[in-house]
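Have a look at the structure below, then the notes.
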């Protein structure tokens, strides 16, 4: 479940300053900001660029390259569903369609009520217990439609 | 001897309830007022038995599994603490045939010890390799690794010793050891298991590498899909620093080695070593032209050893027991052990560490027990999303780099994904191209554009539009990708596509399916994904 703070430029800047000394600091900074705020606000780009002496385009280019970095706030719960080969061999595609239908979204989208963001991932390293999903950072294996429903129900109860 | 109960903390075990089982066991211990400790060990790699609970008895460790929360109280009632009978009793852990028939060298401790107990690590043979290495010259360490015949376990199979020698001989004020923990291939989880189940062996291997080539700094790059592994390694590094196994004076030798863990950000391409280096430098994970090799100009432009997790985690046993010992396992030019990962539609999925040379059939049937669905096996994909699909008739191929290459396949990281007869290989070929399109770094045109064109061409083949011409076109496109791509992603994506066509031609000649009714084609889904 997300516990992120609303965007705050001062807080962001202090996180950036804490990490700027690291060699290759940009990824650790982006992770820290996303952990803090749940996404990377566009106002973060000039702040980071200034501190690391990079162009806005360079920072933007890195953010847009990596699938993890989001440019808008995610839903309250983040459900990552694996659709790589091992999970396909155990029927992940039909389980994913079931979840999409139930929540009324496609992969990569957030439900209208902001409760769930559903993303595709390619491998969670749980390939002997396929299909696998990760809900709010917790890994689940052998996720049938019923297990998926159970996970969604539980998340909704704790909304 | 105080009784101990082992419940794995491995992410896969946790994914089917190991944390809840550990809590239930702790509650029973408290309510029954027993003086027993629960150890969270790594996984033994028998995932169909997870959560696998072990009890330490005077006769050795006895296994019970798969244990559910509901079964816990009954286990106590049945006196499982004394190893007594219960429906879930599997007998002495080491006697379980799946485990007994293995040759665990790299994984010797995984599942046996508490991953974050340095004293467990040392009492089970840990840091003996480093101790030996510290008495040797740098050249002799590299020589030992070369003698062992160890080849990069990440998939490419490049001789580790030769890579190290190049870095050792490259003059520089700073060198780096980089561990590639970006295990993105579907069907693989050996790196994750080691990082979560025996992190000190990786730390020791990297320390030895640093001393061997004269590098004082190391980075472990872990994919963001592995948060458990990331947390375990961060804690293990802190412990190793506190106990003097890392830092300015490694094990009292006066030599420095510092280690840092970095998190990826969801990009398959960062498993390619030059992309990984770009990412560590804080840039887009786009691949670099080679040469220069990373061994000459790698991280921050300095000579860098980039090795896979399993390669580095195998170094301590090579130094401890000698290169000759390790070399005596295996076949042909594939020396030592392979960490086979049984995955997908398989009855007994798990990790099998075994000398190279076992056949695919032995791995899938003798160890894996065939398909999970009970339906006939139709295809296996070995070596991740860039590996070939093999039919039943190729199952007698030995697991050996060269034997796979001869059959236009790739052994890769040793992941085996099994499919039953419900698989449609035209769909799998399409997925390969789609995956390449999603994960292409965009640097070279064949991969960036060719993958999207590949999806379109396969769509037309499936829809029976000018099928023969499009099959020919696909063949041409694959040739362009093979010959024109800068790295293995574009260069190898024709493997799954062309092997599917070669071995399963009937799937490309079916009547066209009816058009989708809800209008949400897979292509739109994948494009809307970001």
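The values are calculated or read from the model by the stated rules, or taken from the named source; none is laboratory data. These figures come from a predicted structure and were not determined experimentally. Because the Cβ atoms are built from the backbone with ideal geometry, glycine has one as well, and the counts that use them run over all protein chains shown.
Going by the conditions given, is residue B:26 away from every other protein chain (no Cβ under 14 Å) and crowded, with 19+ Cβ neighbours inside 10 Å?
The answer is no for residue B:26.
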request  = Confirm whether residue B:224 is surrounded by fewer than 24 Cβ atoms within 10 Å (Cβ to Cβ), part of a loop (DSSP other than H, G, I, E, B) and assigned by TED's automatic domain parsing to the domain that holds residue B:273.
outcome  = yes
ask   = In this structure, is residue B:508 more than 14 Å from chain A (Cβ to nearest Cβ), modelled with pLDDT of 95 or more and either more than 23 Å from residue B:186 (Cβ to Cβ) or crowded, with 20+ Cβ neighbours inside 10 Å (or both)?
value = yes
remark   = Going through segment B:407-428 in order, the residues found to be under 14 Å from residue B:502 (Cβ atoms) and outside any loop (DSSP other than H, G, I, E, B) are B:425, B:426, B:428
inquiry  = From the list B:235, B:192, exactly one residue is facing another protein chain (nearest Cβ under 9 Å), in a helix (DSSP H, G or I) and more than 21 Å from residue B:487 (Cβ to Cβ). Which is it?
reply    = B:192
query = Identify, please: which residue in segment A:10-22 is within 14 Å of chain B (Cβ to nearest Cβ) and surrounded by fewer than 15 Cβ atoms within 10 Å (Cβ to Cβ) and is, among those, nearest to residue B:220 (Cα to Cα)?
reply = A:22
remark   = Being assigned by TED's automatic domain parsing to the domain that holds residue B:361 and surrounded by 23 or more Cβ atoms within 10 Å (Cβ to Cβ) narrows B:338, B:319 down to just B:338
request  = Kindly indicate which of B:354, B:333, B:347 is surrounded by fewer than 18 Cβ atoms within 10 Å (Cβ to Cβ) and away from chain A (no Cβ under 14 Å).
outcome  = B:333
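Table: residues versus (1) touching a residue at least 40 places away in the same chain (Cβ under 8 Å); (2) buried (at least 17 other Cβ atoms within 10 Å of the Cβ); (3) not assigned by TED's automatic domain parsing to the domain that holds residue A:39.
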residue: A:81; (1), (2), (3): yes, yes, yes
residue: A:101; (1), (2), (3): no, no, yes
residue: A:105; (1), (2), (3): no, yes, yes
residue: A:110; (1), (2), (3): no, yes, yes
residue: A:116; (1), (2), (3): yes, yes, yes
residue: A:129; (1), (2), (3): no, yes, yes
residue: A:141; (1), (2), (3): no, yes, yes
residue: A:146; (1), (2), (3): no, no, yes
residue: A:150; (1), (2), (3): no, no, yes
task = Working only within segment A:82-104, note down all residues that are part of a loop (DSSP other than H, G, I, E, B), on the phi < 0 side of the Ramachandran plot and either at pLDDT below 95 or more than 7 Å from every other protein chain (Cβ to nearest Cβ) (or both).
result = A:83
query = If residue A:48 satisfies every condition in (1) at negative phi; (2) under 17 Å from the mean Cα position of the chain (by Cα) but one, which is the exception?
reply = (2)
ask   = What number of residues in segment A:142-159 are more than 10 Å from chain B (Cβ to nearest Cβ) and outside any helix (DSSP H, G or I)?
value = 3
query = How many residues are farther than 18 Å from residue B:110 by Cα, touching a helix residue (DSSP H, G or I) at 6+ places or on another chain (Cβ under 7 Å) and within 12 Å of another protein chain (Cβ to nearest Cβ) if we restrict to segment B:1-23?
reply = 2
Selection within segment B:413-436 - in contact with a strand residue (DSSP E or B) (Cβ under 7 Å, 6 or more places away or on another chain) and either at positive phi or within 11 Å of chain A (Cβ to nearest Cβ) (or both) = B:414, B:415, B:416, B:417, B:418, B:419, B:420, B:423, B:428
inquiry  = Any residue at all in segment A:14-27 that's assigned to a helix (DSSP H, G or I) and closer than 30 Å to residue A:127 by Cβ?
reply    = yes
task = Go over the candidates B:404, B:435, B:431 one by one and state the one that is in contact with a helix residue (DSSP H, G or I) (Cβ under 6 Å, 6 or more places away or on another chain) and in a helix (DSSP H, G or I).
result = B:435
note = Considering segment B:265-312, residues that are within 14 Å of chain A (Cβ to nearest Cβ) and free of Cβ contacts under 8 Å to residues at least 40 places away in the same chain, and then whichever is surrounded by the fewest Cβ atoms within 10 Å (Cβ to Cβ), we arrive at B:301
inquiry  = Looking at A:139, A:129, A:107, can you tell me which residue is modelled with pLDDT of 95 or more, farther than 24 Å from residue B:424 by Cα and either assigned to a strand (DSSP E or B) or within 12 Å of chain B (Cβ to nearest Cβ) (or both)?
reply    = A:139
ask   = Which residue out of B:197, B:218 is modelled with pLDDT of 95 or more, farther than 30 Å from residue B:442 by Cβ and more than 11 Å from chain A (Cβ to nearest Cβ)?
value = B:197
